[in-house]
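Below: one structure, written as structure tokens.
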Amino acid sequence: MCGVIGLQTRREVGTDLVEGLLALQHRGQDSAGVLTSDGTFHLKKGNGTVAYVFNARNLERLTGNAGIGQVRYPTIGPGSVEDAQPFHVNHPFGIAMVHNGNVTNYADLRRELMCKDFRQLTSLSDVEPILNVFAEELDQANLKRCGPASVFRAVSGVFRRVHGAYSVVALIHKRGMLAFRDPLGIRPLVFAQAGREFAFASESVAFDLLGFRRFSDVKAGEAVFVDCRGGVHREQVRPGTPRHCIFEHVYFARPDSVIDGIGVYEARLRLGERLATEVARLGLTPDVIVPVPDTARAAASSLASTLGIELREGLIKNRYIARTFIMHGQERRAMSVRRKLNPVRSQIEGKDVLLVDDSIVRGTTSREIVQMVREAGARKVSLAITAPPLRFPCVYGIDMMTRGEFVAKDRTVEQIRRVVSADALVYQTYQGLSEAVAGPRPSPLAPRSFCTACFNGKYPTGVTQRYFAQMERERRRWLK
Ligand code: SF4
């Protein structure tokens, strides 16, 4: 999971790009980078959070009225500084690029590109193959003009050769800014315009801060090119079949974002309403409902009001600890749970507590939280999950690659309950998830417009067993 941003305006964009990345910080904390152009490319990137990488001195060097940026969480490789984005190539024109996603034919592309003696890849980042394929395709298009038609032809070449999930923002030197989304639109990408100023971002929340009020989604298979004079060219390069990541609405995205026409906060409210049906079906009558902060809070509040049960902030989060889900290594994750969360004893002691969380991945975090609430004096601790059991790895840019890591793999709900040591466990149904996220009709999206592969194993791009084996080998290697 990563966050990308691009700005082409009439003023200096360096500071605004960093501000935008701060709004997207939840999408990755391993590295941050910005490249601006004032006729020359200026680049600053490094490992760490946005606040760690950027300071007044290096911001001064990021001059120009166009630029791109990225915050990264690695899905391939060790997350070294060489893999931090943006990347750029000098030929043709000078192209810089950032992306969010995961290229599933990365190894084949890398081999193919490295065989050509004029292409050298210097990292393990999968944006490098996309960038080099795009550069090759643009090189073969009409070099003199490099107008929208040439750019879209090059994007078509990328769609033909690069498989997987990728939302891309690129800067073409003295030509303009380009953004495109793979033909399934798996990862989000939004476009905003205010007069002659333009912005792209992974989530609309980045625009709020920068003053852009009107925005639209870059569609699945669509490319948007903003030329240097401010002309906007949109092309449906490949007929799109939307399969947007449903987990963005459950967990990843900020609740104040709107993705693919759906408000994330509203989607989470609906998830809570649907979950209430399952809680009632199980006959649970807790004294108090407690959200596991932060992502489950909206769903917990609608679940509580639907059931007429009190909602209490019985767990307080230390906001200075990184998300446990996207920290490497089992031990670090388990240890960080207690650093991150602390119970409010007065709201828990002697009560029958229903905790609400968005997912159970490995079970370690849930077990720690249940245990912590018991130690704070709860009489009973049950767990309600706003999504169905996660059983399959994501190959589209989310770090949960190894099949054996899922507690729900080959386990029934009752067996999972025992692993997390809860008194009761209730999951959202698959239908409840799809319908709640899509929203009431007429909805901008049909329930089938989502990727739900991590719940049901139906990968919209198709994935070979060879790829799974390769990903798992690499993951084990880097996590050693
Ligand atoms: S597999 Fe799951 S997390 Fe990955 S893109 Fe699909 S829905 Fe999202």
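General remarks:
- With every protein chain in place, the chain: carbon and sulfur % of accessible area (1.4 Å): 50 percent
- LEU445-ALA56 FRET efficiency (beta carbon distance; Förster radius 56 Å; 0.05 resolution): 0.85
- Relative to the dominant Cα principal axis of the chain, helix 264-281 is inclined by about 30°.
- Computed FRET value (nearest 0.05) for ILE316 with VAL413, which takes r as the C-beta separation and R₀ as 35 Å: 0.75
- Partner aspartates and glutamates for LYS317 [C-alpha distance under 16 Å; skip if fewer than 8 residues away on the same chain]: ASP294, ASP357, ASP358, GLU368
- Between THR63 and LYS380, residue separation times 0.36 nm minus the direct Cα-Cα distance comes to 108.3 nm.
- Distance between modelled label sites at ASP294 and GLN120, nm, 7 Å Cα→Cβ extension: 4.2 nm
- The angle between the Cα long axis of helix 297-307 and the main principal axis of the chain comes to about 40°, on a 0 to 90 degree scale.
- Here's the picture: a label point sits 7 Å out from the Cα of GLU273 along the beta-carbon direction, and within segment 223-264 the residues with their amide nitrogen under 15 Å of it are 263-264.
- Mean-position separation - Cα centroids, segment 119-189 and segment 237-273, in angstrom: 25 Å
- Rounded accessible area per residue of the chain, 1.4 Å, Å²: 39 Å²
- Segment 38-134: chymotrypsin sites (Phe, Trp or Tyr not before Pro) falling in loop per DSSP and having at most 11 other Cβ within 10 Å: PHE118
- Beyond 30 Å in Cα-Cα separation lie the following of the pairs LYS45/LYS340; LYS44/LYS409; LYS45/LYS174: LYS44/LYS409.
- Dividing the summed -39500 (n - 2.57) terms of all DSSP H runs of n ≥ 4 by the residue count of the chain sets its mean residue ellipticity at 222 nm at -9500 deg cm²/dmol.
The values are calculated or read from the model by the stated rules, or taken from the named source; none is laboratory data. It should be emphasised that the depicted structure is a prediction, and the values quoted were computed from it without experimental measurement. Neighbour counts run over all protein chains shown; Cβ positions are idealised from the backbone, glycine included. Side chains are part of the model used for accessible areas, which takes the heavy atoms of the whole protein and leaves out ligands, DNA and RNA. Shrake-Rupley method; radii C 1.70, N 1.55, O 1.52, S 1.80 Å.
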